[in-house]
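Following: one structure in structure tokens, then a few remarks.
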Amino acid sequence: MNEVQPFAEPIEMAPHLSGCPYGAYARLRETGGVHQAVKPSGGRVWVISRYADVKALLSDPRMSIEARNSRHGYQGFGLPPALDEHLMNVDDQAHARLRRLVASAFTPRRVKAQRERVQAAVDRLVRAIAPVGRADLVAQLAVPVPVVVICDLLGIPESDGAAFQDYTRSLMTPNDPDRPSTRELVAGLHACLVDLIERKRADPADDLLTAMITARDGGDRLTENELTSLTFLILWAGFETTVHLIANSIATLLTEPRLADLVRAEPDPHTPRMAALVEELLRRDGPMLTAIRRFPLEDLRLGERTVPAGDTVLLAIASANRDPRHVTSPDEIDLDRTANGHLGFGHGPHYCLGAPLARMEVRTALWTVFHRLPDLALAIPGEELPWKPDHRQHALTALPVTFAALSSSSLNTPGP
């Protein structure tokens, strides 16, 4: 058996750890699991790739998420406090306080109440493309579904959600020569959110944004900056992650026919087998390559390496989820696994609050397209699918498909 050769460090994240870096991740795991890398911007980071290390560090109180604990002056997007005082930027008691206030509004009842609305949104989008016989399921399904769902959950018009999405996507593409300046984007985004909250205060309803405005824990409540920041986080996280999860999952089924046949055999989107399939898709093909950066509060000894306090650490959850030390045959989708234990939605105190909603959206989208669109197939070879060249996200930029064209009237029966 040939010995696995390590990368020369620092490893260039682009191209080695970007896009679909699973072969590179395997080399990282086999050569110690703790490596230094350099981002396209030039900043150096530590990449942790083994499951046991990643899971432990996601809940380790010595790993701070707060940028003030970076010894290199980490700036991120450089957002002002009005957009930055949210759950993903604070630790310990501050984080627990915000999560407690938001969780009181993000109840299972609200998520379950979304089922019919999500199904209706997906049905409407599928009816729109059915007569054409071809589509880009990123632009025409995966993107608009989360827009509709998050806007409905928050209680805001879809036009506001679409405008917000334009702002955030521009903010996350700093190399686009046609994008406005970061200052302009941030100012526009903040103004959009402030206006949205003011309108909701004037016209409250039974929705998440009203609940966040009125949420209290004893005498405590959200400040204005916390409220705008959390609204920003819910909109951003609810859009981006779910878009890529839906698109990745459909692409997987189109390249593995046995999985598509399994979905076609299920009577509705919410069966145990559909739930098991989504967990395996999250594990093997999830949209997040790395968790949000952390900063050790003290020097950490990991195997043969020492990670200094204050250095930037990226926990490679997509690598951890394919670690053969944790799961047998990690490159296979196996619905009969008794212990998946994936980290697709994180682990520990920062575990994603919106996970149940995202799971439900992807189940609904998968079931509906494979039941409603006959002969659904990729319009290009699977190896030519365009993956975003990003070290943070495993994300398709387009998903061109063909199918047997149908009249819209033949799809008028909604839902399963």
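A Förster radius of 35 Å, combined with the Cβ-Cβ distance separating residue 8 from residue 52, puts the computed FRET efficiency at roughly 0.85. If R0 equals 22 Å, the separation of the Cβ atoms of residue 60 and residue 94 corresponds to a calculated FRET efficiency of about 0.80.
A simple spin-label model places the labels of residue 384 and residue 306 5.3 nm from each other, with each point 7 Å out along Cα-to-Cβ. The modelled label-to-label distance between residue 182 and residue 199, using points 7 Å beyond Cα along the C-beta direction, is 2.9 nm.
Multiplying the residue separation of residue 332 and residue 30 by 0.36 nm and removing their Cα-Cα distance gives an extension gain of 106.8 nm. Hydrodynamic analysis of segment 11-411 uses the Kirkwood radius over alpha carbon pairs. Inserted into Stokes-Einstein at 20 °C and 1.002 mPa s, it gives a translational diffusion coefficient of 97 µm²/s. Residues 28, 297, 17, ranked from the fewest to the most other C-beta atoms within 10 Å, line up as 297, 28, 17. Does segment 309-365 come out rounded, prolate or oblate by the C-alpha gyration tensor, with a ≥ b ≥ c the root eigenvalues, rounded set by a/c under 1.5 and, if not, prolate when a/b is larger than b/c and oblate if not? In terms of gyration-tensor shape, oblate.
If R0 is 22 Å, the Cβ-Cβ spacing of residue 339 and residue 261 corresponds to a FRET efficiency of close to 0.30.
Rule-based calculations on the coordinates, nothing more; no lab input. Not measured: the values here are computed from a predicted model. Glycine also receives a Cβ, built like all others from the backbone with ideal geometry; neighbour counts cover every protein chain displayed.
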